[in-house]
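Everything below concerns the one structure shown next.
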Amino acid sequence: MRDSLFSSLKVVAMMLAADSVPHPREKKWLLQIARNYGASFGEVAILAEILSGKSNELLSEVLSHVEDEFDKRRLLNFLQIAMRQDGLVKNSEIKLFYEIQKELETNLRNDYVKLGREIRKRDGEVRAWNELDRLGKALNVRVHGFPFSAHFFYADPELFTLLFDLVGKHWRKLMVVVFGLFVSYVLLFR
(Lines give C-alpha, C1' and ligand atoms only; values in the text may rest on other atoms or scores of the structure.)
Protein backbone atom coordinates (compact mmCIF):
# COMPACT_ATOMS: atom_id res chain seq x y z
CA MET A 1 0.00 0.00 0.00
CA ARG A 2 1.21 3.49 -0.75
CA ASP A 3 2.70 5.37 2.19
CA SER A 4 0.39 8.37 1.72
CA LEU A 5 -2.76 6.23 1.77
CA PHE A 6 -1.55 4.12 4.70
CA SER A 7 -0.70 7.28 6.64
CA SER A 8 -4.21 8.61 6.05
CA LEU A 9 -5.65 5.36 7.42
CA LYS A 10 -3.35 5.73 10.45
CA VAL A 11 -4.77 9.22 11.04
CA VAL A 12 -8.32 7.81 10.97
CA ALA A 13 -7.27 5.13 13.47
CA MET A 14 -5.74 7.81 15.71
CA MET A 15 -8.96 9.81 15.64
CA LEU A 16 -11.01 6.73 16.51
CA ALA A 17 -8.55 5.85 19.28
CA ALA A 18 -8.98 9.33 20.77
CA ASP A 19 -12.07 7.89 22.48
CA SER A 20 -11.20 5.86 25.52
CA VAL A 21 -12.72 2.75 23.92
CA PRO A 22 -13.48 2.80 20.17
CA HIS A 23 -16.83 1.35 19.17
CA PRO A 24 -16.60 -2.16 17.63
CA ARG A 25 -18.41 -0.90 14.52
CA GLU A 26 -15.73 1.77 14.05
CA LYS A 27 -12.95 -0.81 14.35
CA LYS A 28 -14.65 -3.19 11.95
CA TRP A 29 -15.27 -0.41 9.43
CA LEU A 30 -11.68 0.86 9.44
CA LEU A 31 -10.12 -2.59 9.15
CA GLN A 32 -12.51 -3.48 6.30
CA ILE A 33 -11.60 -0.26 4.47
CA ALA A 34 -7.90 -1.04 4.92
CA ARG A 35 -8.38 -4.54 3.50
CA ASN A 36 -10.38 -3.18 0.57
CA TYR A 37 -7.52 -0.83 -0.29
CA GLY A 38 -5.03 -3.69 -0.23
CA ALA A 39 -3.44 -3.40 3.19
CA SER A 40 -1.16 -6.28 4.09
CA PHE A 41 -1.52 -8.34 7.26
CA GLY A 42 1.22 -6.28 8.95
CA GLU A 43 -0.43 -2.99 8.03
CA VAL A 44 -3.78 -4.19 9.39
CA ALA A 45 -1.99 -5.22 12.59
CA ILE A 46 -0.45 -1.73 12.89
CA LEU A 47 -3.90 -0.15 12.46
CA ALA A 48 -5.35 -2.49 15.09
CA GLU A 49 -2.51 -1.50 17.45
CA ILE A 50 -3.26 2.19 16.88
CA LEU A 51 -6.96 1.55 17.51
CA SER A 52 -6.17 -0.11 20.81
CA GLY A 53 -4.16 2.97 21.88
CA LYS A 54 -0.77 1.27 22.03
CA SER A 55 0.91 3.42 19.37
CA ASN A 56 3.49 6.10 20.20
CA GLU A 57 3.34 7.93 16.86
CA LEU A 58 2.51 11.62 16.82
CA LEU A 59 -0.41 12.88 14.76
CA SER A 60 1.60 15.70 13.16
CA GLU A 61 4.33 13.23 12.15
CA VAL A 62 1.85 10.88 10.49
CA LEU A 63 0.05 13.78 8.79
CA SER A 64 3.31 14.89 7.21
CA HIS A 65 3.35 11.62 5.24
CA VAL A 66 -0.03 12.36 3.65
CA GLU A 67 1.29 14.23 0.63
CA ASP A 68 -1.05 13.50 -2.26
CA GLU A 69 -3.95 15.94 -2.57
CA PHE A 70 -6.34 13.14 -3.48
CA ASP A 71 -5.30 11.28 -0.31
CA LYS A 72 -5.90 14.45 1.71
CA ARG A 73 -9.44 14.71 0.33
CA ARG A 74 -9.99 11.00 0.90
CA LEU A 75 -8.71 11.40 4.47
CA LEU A 76 -11.24 14.14 5.21
CA ASN A 77 -14.03 11.98 3.77
CA PHE A 78 -12.84 8.97 5.78
CA LEU A 79 -12.78 11.05 8.95
CA GLN A 80 -16.33 12.28 8.38
CA ILE A 81 -17.57 8.74 7.76
CA ALA A 82 -15.59 7.30 10.68
CA MET A 83 -17.11 9.78 13.13
CA ARG A 84 -20.60 8.55 12.26
CA GLN A 85 -19.96 4.81 12.47
CA ASP A 86 -21.09 4.46 16.07
CA GLY A 87 -24.10 6.74 15.57
CA LEU A 88 -22.77 9.38 17.97
CA VAL A 89 -20.44 12.22 16.92
CA LYS A 90 -18.54 13.49 19.95
CA ASN A 91 -17.17 17.00 20.43
CA SER A 92 -13.64 15.61 20.76
CA GLU A 93 -13.96 13.97 17.32
CA ILE A 94 -15.21 17.20 15.76
CA LYS A 95 -12.36 19.22 17.32
CA LEU A 96 -9.81 16.68 16.13
CA PHE A 97 -11.33 16.71 12.63
CA TYR A 98 -10.97 20.49 12.37
CA GLU A 99 -7.41 20.33 13.71
CA ILE A 100 -6.51 17.74 11.08
CA GLN A 101 -8.22 19.77 8.35
CA LYS A 102 -6.36 22.90 9.45
CA GLU A 103 -3.02 21.09 9.53
CA LEU A 104 -3.54 19.51 6.12
CA GLU A 105 -4.33 22.74 4.38
CA THR A 106 -6.67 25.56 5.30
CA ASN A 107 -8.38 25.92 1.91
CA LEU A 108 -8.85 22.21 1.25
CA ARG A 109 -12.54 21.43 0.90
CA ASN A 110 -14.37 18.29 -0.09
CA ASP A 111 -15.16 18.03 -3.77
CA TYR A 112 -18.91 17.63 -3.47
CA VAL A 113 -19.53 18.25 -7.20
CA LYS A 114 -17.35 15.30 -8.20
CA LEU A 115 -18.83 13.14 -5.44
CA GLY A 116 -22.36 14.03 -6.59
CA ARG A 117 -21.52 13.12 -10.19
CA GLU A 118 -20.07 9.78 -9.13
CA ILE A 119 -23.13 8.99 -6.99
CA ARG A 120 -25.48 9.95 -9.85
CA LYS A 121 -23.50 7.78 -12.26
CA ARG A 122 -23.58 4.85 -9.84
CA ASP A 123 -27.33 5.29 -9.30
CA GLY A 124 -27.84 5.21 -13.08
CA GLU A 125 -25.84 2.00 -13.32
CA VAL A 126 -27.84 0.46 -10.48
CA ARG A 127 -31.11 1.40 -12.23
CA ALA A 128 -29.88 -0.15 -15.49
CA TRP A 129 -28.89 -3.37 -13.72
CA ASN A 130 -32.25 -3.51 -11.96
CA GLU A 131 -34.05 -3.13 -15.29
CA LEU A 132 -31.93 -5.89 -16.80
CA ASP A 133 -32.63 -8.07 -13.77
CA ARG A 134 -36.37 -7.52 -14.15
CA LEU A 135 -36.15 -8.34 -17.85
CA GLY A 136 -34.18 -11.50 -17.13
CA LYS A 137 -36.70 -12.63 -14.52
CA ALA A 138 -39.61 -11.89 -16.86
CA LEU A 139 -38.00 -13.82 -19.72
CA ASN A 140 -37.02 -16.71 -17.46
CA VAL A 141 -40.60 -17.70 -16.71
CA ARG A 142 -41.24 -21.36 -17.44
CA VAL A 143 -43.94 -21.91 -19.99
CA HIS A 144 -46.05 -25.03 -19.68
CA GLY A 145 -48.43 -25.79 -22.53
CA PHE A 146 -51.83 -27.27 -22.18
CA PRO A 147 -51.95 -31.01 -22.66
CA PHE A 148 -52.58 -32.03 -26.27
CA SER A 149 -52.22 -28.47 -27.59
CA ALA A 150 -49.97 -27.65 -30.51
CA HIS A 151 -49.50 -23.99 -29.64
CA PHE A 152 -49.46 -22.16 -26.39
CA PHE A 153 -49.31 -18.42 -25.94
CA TYR A 154 -48.18 -17.13 -22.54
CA ALA A 155 -48.40 -13.41 -21.85
CA ASP A 156 -46.56 -12.39 -18.70
CA PRO A 157 -47.93 -9.07 -17.39
CA GLU A 158 -44.55 -8.25 -15.80
CA LEU A 159 -42.91 -8.56 -19.23
CA PHE A 160 -45.41 -6.18 -20.83
CA THR A 161 -45.06 -3.58 -18.07
CA LEU A 162 -41.28 -3.85 -18.30
CA LEU A 163 -41.30 -3.41 -22.07
CA PHE A 164 -43.65 -0.43 -21.85
CA ASP A 165 -41.42 1.13 -19.17
CA LEU A 166 -38.30 0.61 -21.27
CA VAL A 167 -39.93 2.00 -24.41
CA GLY A 168 -41.30 4.95 -22.45
CA LYS A 169 -37.90 5.81 -20.98
CA HIS A 170 -35.77 5.17 -24.05
CA TRP A 171 -38.06 5.92 -27.00
CA ARG A 172 -35.65 8.43 -28.56
CA LYS A 173 -32.83 5.90 -28.62
CA LEU A 174 -35.16 3.28 -30.07
CA MET A 175 -36.26 5.68 -32.82
CA VAL A 176 -32.61 6.33 -33.73
CA VAL A 177 -31.95 2.59 -33.92
CA VAL A 178 -35.06 1.95 -36.04
CA PHE A 179 -34.17 4.84 -38.35
CA GLY A 180 -30.61 3.53 -38.67
CA LEU A 181 -31.88 0.06 -39.55
CA PHE A 182 -34.28 1.53 -42.11
CA VAL A 183 -31.54 3.62 -43.75
CA SER A 184 -29.16 0.66 -43.87
CA TYR A 185 -31.91 -1.52 -45.38
CA VAL A 186 -32.65 1.09 -48.06
CA LEU A 187 -28.98 1.55 -48.90
CA LEU A 188 -28.27 -2.18 -49.10
CA PHE A 189 -31.32 -3.31 -51.04
CA ARG A 190 -32.16 -0.56 -53.49
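The values are calculated or read from the model by the stated rules, or taken from the named source; none is laboratory data. Just so we're clear, the structure is a prediction, and the values are computed from it rather than from any experiment. FYI the Cβ positions are ideal-geometry reconstructions off the backbone, even for glycines, and counts take in every protein chain you see.
Computed values, structure above
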| read-out | value |
| --- | --- |
| Asp19, sole failed condition from (1) in a helix (DSSP H, G or I); (2) surrounded by 15 or more Cβ atoms within 10 Å (Cβ to Cβ); (3) more than 23 Å from the chain's Cα centre (by Cα) | (1) |
| Selection count, region 28-78, where residues are assigned to a helix (DSSP H, G or I) and touching a residue at least 12 places away in the same chain (Cβ under 8 Å) | 25 |
| Criterion violated by Gly87 - all others in (1) assigned to a helix (DSSP H, G or I); (2) assigned by TED's automatic domain parsing to the domain that holds Leu9 satisfied | (1) |
| Evaluation of Lys102 against (1) at pLDDT 85 or above; (2) part of a helix (DSSP H, G or I) (one fails), failing number | (1) |
| Selection within region 49-77 - crowded, with 16+ Cβ neighbours inside 10 Å and either under 16 Å from Asp19 (Cβ atoms) or hydroxyl-bearing (Ser, Thr, Tyr) (or both) | Ile50, Leu51, Ser55, Leu59 |
